[in-house]
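Derivation of every value follows stated rules applied to the coordinates shown; laboratory data play no part. Just so we're clear, the structure is a prediction, and the values are computed from it rather than from any experiment. Positions of Cβ are generated from backbone atoms using ideal geometry, with glycine treated the same way; all protein chains shown enter the neighbour counts.
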């Protein structure tokens, strides 16, 4: 078959990855014993230990997510499958321990077994798949491997790429190896992509047109909600007054807080009712961030100590799991990881609450969403302190413009919801 990697290619690949097994062993052993990493996952990832699947009952649906982001994207899909097929068991694998922890926390009531996917060692995958014999296999976004897909096909197990994406950089890399790319992605029974651009790139790689569909982004189906009473209580706990304007800067990284604080000090002199909620991506940086705030001559409260603003202009949040609901209090949001080359973070949580967003030039992990937000007029890009200051002054000084952009934010979220239902409708014939 023209689009199938021939057996010799697969044998060479398997020999290479099998020959690298001692290196994997050393890597995991070193990190486990000296860095206290991979304590739970190492033996499973190496194929030296296998999960037990006794008592599952019917052949299960197997869903795989690489790490935390993919696991979160899988949450609405798992719920939609369960709603449509409540009696079918589901099992869920991840590659990382943080992904596994997230899956167990978010999906415990839907999933029969959680486990780690081994690396692409053919013997490990064959043993795993023979013991599991899933009804179908679904991988979320990107995690696809030749031996995994080959063994699934060998046992006639349908495989699906869901919420698939391929960045321009990844497309260029895959284009250099067309035979490998066609084998890898043509091995899926369907590739359900996040956007029309992702579909176009897959078709250019030579993937069969009948296999590739644009179903939208699951992330639009996983957005937070908050009741009016809960929102009012949160605002009261934080000490936010009726006349206060709130700017939430979420998931910020080293180098961004200085720019944010420089802009804030310029704006607050003209809009004194402005308050800043600053949420570092890594809470262990909170003490450093507080020093930056104090160094600007601003009052600073810590969420874990002071609970709310008190008499301070800035609240630094050093607790986990609060950012999504804090966005509900915002008049305006900044999306961190975008003024420095990190690739940005998910802006949809802010948009779900009708909050316009600001981000920097480095949103390359969210290119399609970035383009959609610009097209929908609910986001602004900045590059410098001056840009940020001007945008804050313009938007916070024009309530009609801010409200219009907020309405646009809600609208773009509502229009793009429903991906999980569309995916389930396509999968139902295989269930």
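Counting only Cα atoms, the size of region 32-144 along its three principal axes is 46, 28, 25 Å, in decreasing order.
What percentage of all Cα-Cα pairs in region 116-184 are separated by more than 18 Å? Value for region 116-184: 41 percent of Cα pairs lie more than 18 Å apart. Which distance in Å, rounded to a whole number, links the C-alpha centroids of region 313-339 and region 1-70? If you average the Cα positions of each part, the centres end up 37 Å apart.
Relative to the longest principal axis of the Cα atoms of the chain, the long axis of helix 68-84 makes an angle of roughly 70 degrees. I'd like the orientation of helix 122-132 relative to the chain: the angle between its Cα long axis and the longest Cα principal axis, in ° from 0 to 90, rounded to 10. The answer is roughly 90 degrees. On a per residue basis, the convex hull of the C-alpha atoms belonging to region 182-262 measures out at 199 Å³. Along its three principal directions, the equivalent ellipsoid of region 228-416 from the Cα gyration tensor extends over semi-axes of 23, 19, 16 Å, largest first. Of interest is the spacing of the C-alpha centroids, which for region 375-431 and region 81-123 amounts to 31 Å. Between residue 153 and residue 24, the modelled labels are 2.1 nm apart [label points 7 Å from Cα along Cα→Cβ]. Using a Gaussian network model of the chain in which every pair of alpha carbons under 10 angstrom is joined by a spring, one finds that among 56, 369, 16 the greatest mean-square fluctuation is at 16. Given 37 °C and 0.692 mPa s, compute D for the chain with the Stokes-Einstein relation, Rh being the Kirkwood radius over Cα pairs; round to the nearest whole µm²/s. Reported coefficient: 139 µm²/s. As a rough guide to protection, the peptides 78-87, 95-104 ranked by mean Cβ packing within 10 Å, highest first, stand as 95-104, 78-87. By its C-alpha gyration tensor, with a ≥ b ≥ c as the square roots of the eigenvalues, how is region 7-222 shaped: rounded for a/c under 1.5, else prolate for a/b larger than b/c, else oblate? Rounded.
The distance from the alpha carbon centre of region 262-281 to that of region 124-160 is 51 Å, rounded to a whole number.
Spin-label pair residue 131-residue 393: with each label point 7 Å from Cα along the Cα-Cβ axis, the two points sit 6.5 nm from one another. Report, in degrees rounded to the nearest 10, the 0 to 90 angle that the Cα long axis of helix 286-295 makes with the longest principal axis of the chain. So the inclination is approximately 30 degrees.
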